[in-house]
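Okay, structure first, notes after.
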Amino acid sequence: MDETFDSLEMRFSEQRYRRLFEAARDGILILNPDTRKIIDSNPFMTELLGYPRSELIGKELWQIGLLKDEAASQATFRELQHEHYVRYENLPLETQAGDRRDVEFVSNVYPEGDRQIVQCNIRDITERKKTEDRLRLLESCVANLNDAVIISEASPLNEPGPRIVFANRAVEKLCGYSIEETVGRNPRFLQGRNTDRHVLDEIRDALVQQKPIRRQLINYDKQGREYWVDMNIAPIFDNDGQCTHFAAIERDITEERKNAEQLLWRTTFFEAQVHSSPDGILVTDHHQHKIIQNQRLTDMWGIPPEIAAEANDSRQLAWVTSLMRHPEIFVRNVDWLNAHPDKVGRDEIEFLDGRFFERYSAPVIGRDGHHFAESGPFAISLTAKAMKRKSPSRSPSWTRPATASSPAICSSASSSGTKAPSTSTAAPPAI
């Protein structure tokens, strides 16, 4: 009776093993340790390699591409006999179709009855290796970015968290702290007296809501010096949708801020000069968009406020030409200036009410010779003439401007002419 029970138990055990053997999602090969040849193979090996089981039976490992050659096979089996265990990572394997697969190879020797058996487990790690390669590439890119990258844990947000778990090499260049000095601390150690509390509150609110945020603020380096950073923070979520980390990309914008402040000062100074000028001044681009126009121009020409406030100069131009005695000359001069952005012009305009204006036009050119807005934003400086008496007319003049030392308009307020120019066109080049 006991023998019958043992026999049944053995049979059930073999059946369970066989089901596991055939259902396994790893390739399994059974080898004869004396001949090194395959004596059994599970279905997944056929799926992995593309060879039917009949073509695998009787082959050595090197013959199906698992080892480099017969010498490598012999060396592996010698190690197996000595250690009873062999493991290879990232073993290249070529399928019957010629595709490359990366596999993890584990081989064990175990007794089966009165003989030894070699079992080889082959796991396809191709996708895992691709993922690892992508991660290594990404890590290399992040590590070598010019921008500082700091990754911290998502919680806790309060002290002592959030703890920094990664910092790239650019962090040391930015703040003077090494990677070793940065990792393990929380980002607050870079803040100081002039770090804007309001901005920090906005960042914290975004972190609590697990939303991206971009702000600029003052941090302090290892020597205690202030520097401005443009900080772009984004939450990182895992496959379950849980926020696990925050990644901050930080760029030093200290010089940009200084330049912006200087530009703001220069612009403010320039605008103050324009608006306090006794001349009417208008700067437009080649699309007739107004860049700046002072109140003096509006007052001199009696331009309705709603037209003066428009960004485009088209309706204002139509209004002004309707007041002129010779609008066709004025329009022709404007068109010529638009077509010749490197020229300056000076002419006189007569209004129907008898007033005269001297107009000086010039392109806006930087010290490097660059035409701002390319086709030539130009400045128009206009000076009102209250005189009514007639005098010989002066023809318009058109010349190439000298390069400005900085982006600015060129203006003139001379008062030589008192009579409208002749309707005969002597320039551009002789209107």
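The values are calculated or read from the model by the stated rules, or taken from the named source; none is laboratory data. Here the structure is a predicted model, which is why all the values come from computation and not from measurement. Using ideal geometry, Cβ is built from the backbone for each residue, glycine included, and neighbour counts are taken over all protein chains shown. The accessibility values were calculated without ligands, DNA or RNA, using every heavy atom of the protein model including side chains. Shrake-Rupley method; radii C 1.70, N 1.55, O 1.52, S 1.80 Å.
With respect to the stated conditions, GLN216 fails to be in a loop (DSSP other than H, G, I, E, B), under 25 Å from the mean Cα position of the chain (by Cα) and not β-branched (Val, Ile, Thr). Here the strands (runs of 3 or more DSSP E) wholly within segment 10-106 that include at least 1 residues being of a type in the set (A, V, I, L, M), closer than 12 Å to CYS120 by Cβ and under 44 Å from the mean Cα position of the chain (by Cα) are 85-94.
Going by the conditions given, is SER178 out of contact with any Pro (no Cβ under 7 Å at 6 or more places or on another chain), more than 30 Å from PRO43 (Cβ to Cβ), among the hydroxyl-bearing types (Ser, Thr, Tyr) and open to solvent by 50 Å² or more (accessible area, probe 1.4 Å)? Write out each step before concluding.
Details: out of contact with any Pro (no Cβ under 7 Å at 6 or more places or on another chain): yes; more than 30 Å from PRO43 (Cβ to Cβ): yes; among the hydroxyl-bearing types (Ser, Thr, Tyr): yes; open to solvent by 50 Å² or more (accessible area, probe 1.4 Å): no.
Against the criterion (out of contact with any Pro (no Cβ under 7 Å at 6 or more places or on another chain), more than 30 Å from PRO43 (Cβ to Cβ), among the hydroxyl-bearing types (Ser, Thr, Tyr) and open to solvent by 50 Å² or more (accessible area, probe 1.4 Å)), SER178 does not qualify.
Within segment 147-166, the set of residues being farther than 23 Å from GLN242 by Cβ and either modelled with pLDDT under 90 or open to solvent by less than 20 Å² (accessible area, probe 1.4 Å) (or both) comprises ALA148 only. Summed over segment 36-51, residues that are without any contact (Cβ under 8 Å) to a residue 24 or more places away in the chain, open to solvent by 50 Å² or more (accessible area, probe 1.4 Å) and farther than 18 Å from SER73 by Cα total 2. Annotation: ALA248 fulfils all but one of (1) free of Cβ contacts under 8 Å to residues at least 12 places away in the same chain; (2) assigned to a strand (DSSP E or B); the unmet one is (1). Within segment 245-303, being open to solvent by 60 Å² or more (accessible area, probe 1.4 Å) and over 39 Å from the mean Cα position of the chain (by Cα) holds for HIS275, SER276, PRO278, GLN295, ARG296, ASP299. Applying the set (1) under 46 Å from the mean Cα position of the chain (by Cα); (2) in a helix (DSSP H, G or I); (3) surrounded by 20 or more Cβ atoms within 10 Å (Cβ to Cβ) to ILE329 leaves exactly one unmet item: (1). Of all residues in segment 90-139, those being open to solvent by less than 40 Å² (accessible area, probe 1.4 Å), over 21 Å from PHE77 (Cβ atoms), out of contact with any Asp or Glu (no Cβ under 7 Å at 6 or more places or on another chain) and not charged (D, E, K, R) number 1.
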